[in-house]
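In what follows, a structure is listed as structure tokens, so that the remarks can point back to it.
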Amino acid sequence: MISLLIAIPLLLAFVSVMWKRISKSLFFLAAIVNLIILLASWFPNGVEIHAMGNWKPPFGINLVLDNASFYAVLVVNAFFFLVSLMPKFVESYGTSLMLLMAAANGFILTGDLFNSFVFMEIMTITAVTIASKRDNFYNAFKYLILGGIAGSIYLLATIFAYTATGSLNMAHVSMAAISASSLIAITTLYTIGLGVEAKLFPLNGWVSGVYGGNDLAPVILGTSVSFAALYMVGRLFGTVFHGNGAEVLYTLALITIVAGEVAALRQQNILKAFAYSSVAQAGVVVAMISKGTAKSMGLAYFHLTNDAVAKFVIFLVAGFLVYNYKNLNGVFKKHKILGASFSMATFSLIGFPLFAGFQSKLRMIMALFSMKDFLFPAVMLLATLIEVGYVVRWNVRLWFEEETQEKAETPVVASTIALILAILLVAVFLKPEIFLNGAMKMGNALADSKDYIQGVLSVVKGGM
Amino acid sequence: MVYAISIILIGIGIYGLMTQKNLFKHLISLSIIDTAVNIFIIATGYVEGGKAPIYTKSLPNFAIGKFVDPLPQALVLTAIVIGVGTLAVGASLLVRIREKHSSIDVENMKGVEE
Amino acid sequence: MAAYKALFNLVVAFFLVLSLEGIARKIMARIQRRIGPPWYQNFIDLFKALSKHPFSNGWIFDFGVLMALGGALATAMIIPMGSITWTPFPNSDNFFVIMYLFAVGALGMAMGMVGSGNPWASIGVSRALTQMLGYELPYLIVMSSVIFFYKTASIHKLIELQRGGWNLLVMPLGGIVAFISLMGMLGKKPFDIMIAPAEIASGPMVELSGKYMGLLHIMHVFSVFVEISLFVDVFLGGGSFGWYLVKFVVVWVLAVMISSVLPRFRIEQMLKFYWGVPLGLAFLNALFVLLGWTL
Amino acid sequence: MALSTLLISLLVTSVIIYFVSKASWRVGAILNFLIGIFLISYVFALHTGTTSDLGTLFGQKLQLTWTNASFYFSAVSLMVIVSVMLFAIKWLDSQKYPAAFNMFLLMMTAGSLGVFMAADLVTLYIFWEIAVLSSMLIVPMGKKESRKAAVIYAVMSASGTYMYLYGAFLAFQRYGTLNISEIAKQMVSDPSTGIKAAIFLLLASAGIAKSGIFPLHTWLRIAHGNAPDAFSAVLSGQLVKLGSYVLMVTVAVIPSLRVFANIPFYSGIPATNYFLIALGATSIIVGTLMAIKQDDMKMLIAFSSVANGGYILIGIGTMDPMGFEGGVLHVFNHALAAAVIFMAFASVVYRTHTKKISELGGLIHKMPITFLAYLFAIISLAGIPPMSGFISKWMIYQALVRKGMFITAFIAFFGSIGSFLYVFRPLAGVFLGQLPKKYKDVKEVSPVMWIPMMILVVISLIIGIWPFPVLQPIESMRADFGIAPMVKISDPDHWLIRGFAGNWNPVLVFNLFLIGFIIAYILYTMFPRSKKVDLLAPHKEEGTPINIYTGGEYIYTPELYHYNTKFYAGFERMYEKHPSWEKVLGMLAKFFHDLGEWVHGWFFRPSPSAYAFWVSLTILIVFWVRW
């Protein structure tokens, strides 16, 4: 059942190559079907396996659906569905979006290390094609180079894992006792391999170019693709390697937070500013994951979901503004709804009460304090302080400066989606359980690897 | 010994990436790194005096020690395909960069805002 | 009963200070080797001024003059004179009350004079307020150390507590600083930058004519009475009403003699002067009081 | 209805008000005012002790309770807010965003009431942020400069708030609870003073940021100076009091005398309180000196709020029964005085469209009622007897002198004498003196604008004469916090306020002043009548004599005869080259900006070769570190 999530988008992608005209509606179809499949089979009780070609797990490649991967896939597909609702926005990128959706779903669901490498490479390539929208070729090329290097390092790490444990299956690898020295090599290479996609500090040069380059890339790459990458960080460092190599992640993430915020502070281009802000938020999430406990991982993904929703709205509105107005002073006076949802999203980013960011940020700080970690909350609060600086500057500039040019026509679908998501953010503040339960289930599933191993290796259900 | 070759190749690739100004050379050094990693993968699967892992009449009985490990070879096949894919996308991007920025040399590319 | 005492206060104040001002003009003349007008000259000037038709510069000008005179009168009514018997309101003659009720008069005058619209008046008032900033600070420090030492701020209790010995001898430094600030309060020669006749045509008083001149002269009389009796009660306490009058005259004569020989301070000089030695002495005095090294 | 439903319904109505005033802002403003009136009646009807909880966060119950302190502070804030709401009914027609103004004003009221009712640190944080958020969105509605002001305001109050949050969670981690009173109980018995001092200072930092105490006071000048005029009345009258409330919570609710008993510093005041008092004293000096220098009248009063914030902190910091009551009463006095002064300036700007004192003059002839309101407000702000301002300052002096803190007493005296100077500057420069030609046809503002001013002035005058209705709640608040509860300060039946060194009988002193005034008036009427000089002669046709200092000549340019620029030139010259703290904070902001430049320059370079370099470098470093 779950392999359909990958098969349908792939199939429709190839079909759409033949009929260019209807690629948009095919993409919409794929997104709808995926969402229906997911919503039909709600959270799986325990771990469900789908062995490809009926090869039993330690030997064949298998797809794993447990609480963690289900929540991740659900969020990723939700964002794809939202993008598919805006055909004018998607233009001729339906095919690569479908491919990206297939690769992302595969990347999350796969239980095999090499298979995850293949899906990661597909994701990088399709992300590059999407990043090249609006003649952003040079930044896309840079992203390709960096993605390529990261891919080969990821492959190297997988091979080291294979030589150390003799198997590529994640459950098998996490069960086997790996010698300390090779464990160091594996986890370091994985940190670098995933670091590029998870936007860790020295490796996130590409972010401002790709996200700042056009209006479609940040909306989809910033939310769902980075969610998939951060899921994999949790999966590898939580379940497979039981938190080994976490301090490196922790220090890199802290540097990322500060670097991202400070870089965003000086940025004059709105898309690039919030690109750096998403770098910083990714840093926050990675740092929380590296704490390793079930609760910290759950809160990390709760924060990531809030941040992803907020970023979706921000990039949607910012993309529309950048490509419709030359100078952005006082633009929101003409688009009240867009402005309202943008402001609500940015305030949720900072963590003002009345918005979802507050719930996640406060719970994270509380959890960290009960874990006796005093440095990370200080860094996070400092980062939020800098964030208040540039977010308020942008809001004030967009709302209150004297506007100059005439009014471009408002995108009806985009503004309704933005408004609905903004109201969702407020709803999450009032009743955080909407995201929190799913995120907590995900955290628990990622943290205890015994349940994952026992589920994968013992229960084998024939696939379709 | 084969490991040493692949590490040297990776070194060359990274050196190429760092020093070259022409973007196409970046692409080539990227593919060098890819091939180096593939060589490394094959090297891990090597068994002293092992034969190609194919059942033939001359090797009817199931002799584990005799075969070279087949799995890395399978992996390399996909890795090569992916390398080609990346190369293809990179090359097409370079064509468009040449059109837009009138040169693919990092120094004198016009219109690249920081 | 208190009302009669208050009225008696005003009468004494009026006649005492007016005649003393006449005597002051006599002393100054003598120092400058001339004979000088008779001692009752000030009474004549006052009644002449009051009998003339003045010009009024708008309702705020009148309101300011009335507020000034009202404030000065109110303060004069509270001041105890020499001993408990001559204290009109024993349970409410707190030092801070007197200081700040006095400020009502000062603010009223300042507002009225600036209301006259004459730029000289505004310049004069700005100098007066800056001067107030100058002399008030050392004075208040000394007074708070007195209050800290005697554990009370009500003036007539302070007089009682000085039965043993004058406060001037207990805290000599405090006494000197208080006297210097008194000179500033009185607006006597070294510190009369605000009403400098030569430079800014007698500053705030430039627009006063006839009745207003008289009323403000009365206000000046009562404020002089308040300032000097405050100094006499706090630093030369003890003794009866009679001794109080003698001390009052001595302090007044001393102040007049000093002022008749000194030239006028410029505004920055005056501030630097007050915030230099007197402030230093005031803090020194506070330190001595704190450490209990008083004589 | 329960407290939480009140607050939530207020937030919801603020959004409704937005749409109502979208239709017609006047209706929205009137509705706002009626809600304000309802709130006041609700607050006065509430009896202390009612609690209602707001939900749970991480297993901690978020609660609202209604104590004496919340009653006092809410009453003061509502008085200011409701008068500004009434003022805004007419004033809003000069504004570009009336609808948003109404909405955020109501949202801010809800936030502040929530802060005063909060029983635990996180609820306080939630409503604190709501108040900051809504006020931050009103500030940029002013002119050009107010955009930057909003950003600086947001960052400064955010820095204070996040330090507070860190302190709150430090306390949560150490004492396991967020409820303020429980923390206070456990803090008394907590052995390690280091942690306690850290929590104390971190919690106080929100108060320091918000009430404009020394290190974080620079936003006051910019925000008050440039915010929409009526809103700066609320900003300095009410929002600054949020900061004083948090300072009071950290110093009094958490009994700092008992908590830090083991580190007494000077005459019974522990070192932590003394540090806060030192900050308060510095802000008095900075506020007064800068206020005397200002030419923009709103910035002048903004600095006076810094100085008065310092007074409040000193009053509360001494934890002396007299000093504490003086500080809390000063919250009331300064709120009213600052609100009236800013509303007076708002009416002046409403008519003349300029904030500079040097460009104004002689407005008393055209706007007498605004002048009267301003006059009585500055009498209260400067602390001169008939008005209520004097009582709180008098109490603070009594406490300082009793404790023998001479340096702080000196600074307090300097502040109060300095306040004569800087309140007089706008009085002389704006209202008195010559009326410039261009303001010839300025009219008095409509009654809707001067009635709230007059109401606040009358309240302050009444409290000045009969202060006991305000002193009783303060006394009960002091008893709640257990600061020498047995000492009775206010004694209504003898009309006395019992100070340590002598008493203060407000009624007697007022009568004396009245008698003095009447005697003066009798003298005034006895003597010959005066002839009126027409000061508005320059505005009539040429040749009408003015016959005072011009000797009958006609004045063609009245502005030249008005002394209002650099009013205290002599004094200002003495501290011209003073170090500016704003530049220091500007440098700090610039540091982060340059850090961003450096990071961008090094790590996010245009050419891909840099990426390869950084990837390989990270691999080497991580391997080296982990080996």
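Here are the numbers:
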item	result
Output for segment D:391-436, where each listed residue is facing another protein chain (nearest Cβ under 8 Å), assigned to a loop (DSSP other than H, G, I, E, B) and out of contact with any Ser or Thr (no Cβ under 7 Å at 6 or more places or on another chain)	D:Leu432, D:Gln434
Yes/no for C:Leu236 being surrounded by 13 or more Cβ atoms within 10 Å (Cβ to Cβ) and either in contact (Cβ under 8 Å) with a residue 40 or more places away in the chain or not basic (Lys, Arg) (or both)	yes
Residue match in segment D:532-540 (condition: surrounded by 19 or more Cβ atoms within 10 Å (Cβ to Cβ), free of Cβ contacts under 8 Å to residues at least 40 places away in the same chain and part of a helix (DSSP H, G or I))	yes
B:Ala43 farther than 17 Å from D:Phe613 by Cα and within 14 Å of chain D (Cβ to nearest Cβ)	no
Complete set of residues in segment C:53-90 that are at the interface with another protein chain (Cβ under 9 Å from one of its Cβ atoms) and in contact with a Pro (Cβ under 7 Å, 6 or more places away or on another chain)	C:His53, C:Met77, C:Ile78
Selection count where residues are of a type outside the set (Val, Ile, Thr) and surrounded by fewer than 24 Cβ atoms within 10 Å (Cβ to Cβ), scope segment A:117-135	4
Any hit, segment D:484-504, residues being aromatic (Phe, Trp, Tyr), within 18 Å of C:Ser56 (Cβ to Cβ) and within 11 Å of chain C (Cβ to nearest Cβ)	no
Filter result for C:Pro190 (part of a helix (DSSP H, G or I), in contact with a Phe, Trp or Tyr (Cβ under 6 Å, 6 or more places away or on another chain) and either more than 12 Å from every other protein chain (Cβ to nearest Cβ) or free of Cβ contacts under 8 Å to residues at least 40 places away in the same chain (or both))	yes
Answer from C:Trp86, C:Trp59 - the residue that is of a type outside the set (S, T, N, Q) and either crowded, with 23+ Cβ neighbours inside 10 Å or at pLDDT 85 or above (or both)	C:Trp59
Qualifying positions in segment D:26-60 - within 14 Å of chain A (Cβ to nearest Cβ) and touching a residue at least 60 places away in the same chain (Cβ under 8 Å)	D:Leu54, D:Leu57, D:Gln60
Answer residue from segment D:611-620, given it is among the aliphatic types (A, V, I, L, M) and surrounded by 20 or more Cβ atoms within 10 Å (Cβ to Cβ) and is nearest to the other protein chains (Cβ to nearest Cβ) among those	D:Ala612
Residues of segment A:33-59 satisfying the condition of being touching a residue at least 40 places away in the same chain (Cβ under 8 Å), part of a helix (DSSP H, G or I) and surrounded by 14 or more Cβ atoms within 10 Å (Cβ to Cβ)	A:Asn34, A:Leu35, A:Met52
Residue that is within 14 Å of chain C (Cβ to nearest Cβ), touching a helix residue (DSSP H, G or I) at 6+ places or on another chain (Cβ under 6 Å), assigned to a helix (DSSP H, G or I) and buried (at least 19 other Cβ atoms within 10 Å of the Cβ), where the choices are D:Phe571, D:Phe567	D:Phe571
Qualifying position, being under 19 Å from the mean Cα position of the chain (by Cα) and surrounded by fewer than 21 Cβ atoms within 10 Å (Cβ to Cβ), among C:Ile195, C:Ile155	C:Ile195
Residue ranges of helices (runs of 4 or more DSSP H) in segment A:191-254 with at least 1 members facing chain D (nearest Cβ under 9 Å) and either under 15 Å from D:Thr618 (Cβ atoms) or modelled with pLDDT under 90 (or both)	A:206-213
Sole residue being surrounded by fewer than 24 Cβ atoms within 10 Å (Cβ to Cβ) and in contact (Cβ under 8 Å) with a residue 60 or more places away in the chain, chosen from D:Val246, D:Val253, D:Val240, D:Val234	D:Val253
Residue within segment D:186-195 that is within 26 Å of D:Gly280 (Cα to Cα) and within 16 Å of the chain's Cα centre (by Cα) present	no
Any hit, segment A:346-355, residues being over 22 Å from the mean Cα position of the chain (by Cα), farther than 30 Å from D:Tyr175 by Cα and surrounded by 17 or more Cβ atoms within 10 Å (Cβ to Cβ)	no
Number of the exception - D:Pro608 against (1) within 14 Å of chain B (Cβ to nearest Cβ); (2) in contact (Cβ under 8 Å) with a residue 40 or more places away in the chain	(2)
Of all residues making up segment A:363-381, the number that are assigned to a helix (DSSP H, G or I) and either more than 10 Å from chain D (Cβ to nearest Cβ) or out of contact with any helix residue (DSSP H, G or I) (no Cβ under 7 Å at 6 or more places or on another chain) (or both)	4
Any hit, segment D:309-327, residues being more than 14 Å from chain C (Cβ to nearest Cβ), at pLDDT 90 or above and under 30 Å from D:Ser94 (Cβ atoms)	yes
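Yes or no, residue by residue, for (1) surrounded by fewer than 23 Cβ atoms within 10 Å (Cβ to Cβ); (2) in the same structural domain as D:Lys241 (by TED's automatic domain parsing); (3) farther than 22 Å from D:Met117 by Cβ:
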| residue | (1), (2), (3) |
| --- | --- |
| D:Ala158 | no, yes, yes |
| D:Ala168 | no, yes, no |
| D:Gly194 | yes, yes, yes |
| D:Ala198 | yes, yes, yes |
| D:Leu203 | no, yes, no |
| D:Gly212 | no, yes, yes |
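The rows are residues; the columns are (1) under 13 Å from C:Leu137 (Cβ atoms); (2) touching a helix residue (DSSP H, G or I) at 6+ places or on another chain (Cβ under 8 Å); (3) without any contact (Cβ under 8 Å) to a residue 12 or more places away in the chain; (4) within 11 Å of another protein chain (Cβ to nearest Cβ).
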residue	(1), (2), (3), (4)
C:Lys247	no, yes, no, no
C:Val251	no, yes, no, no
C:Val256	no, yes, no, no
C:Ser259	no, yes, no, no
C:Arg266	no, yes, no, yes
C:Gln269	no, no, yes, yes
C:Tyr274	yes, yes, no, no
C:Ala282	yes, yes, no, yes
C:Trp293	no, no, yes, no
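For every residue, the table says whether it meets (1) part of a helix (DSSP H, G or I); (2) at the interface with chain D (Cβ under 7 Å from one of its Cβ atoms); (3) surrounded by 24 or more Cβ atoms within 10 Å (Cβ to Cβ); (4) without any contact (Cβ under 8 Å) to a residue 24 or more places away in the chain.
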residue: C:Met111; (1), (2), (3), (4): yes, yes, yes, no
residue: C:Ser122; (1), (2), (3), (4): yes, yes, yes, yes
residue: C:Met132; (1), (2), (3), (4): yes, yes, no, no
residue: C:Leu137; (1), (2), (3), (4): yes, yes, no, no
residue: C:Leu140; (1), (2), (3), (4): yes, yes, yes, no
residue: C:Ser144; (1), (2), (3), (4): yes, yes, yes, no
residue: C:Gly175; (1), (2), (3), (4): yes, no, no, no
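The values are calculated or read from the model by the stated rules, or taken from the named source; none is laboratory data. Because the structure is a prediction, the values reported are computed rather than measured. As a convention, Cβ positions derive from the backbone with ideal geometry for all residues, glycine included, and neighbour counts pool all protein chains shown.
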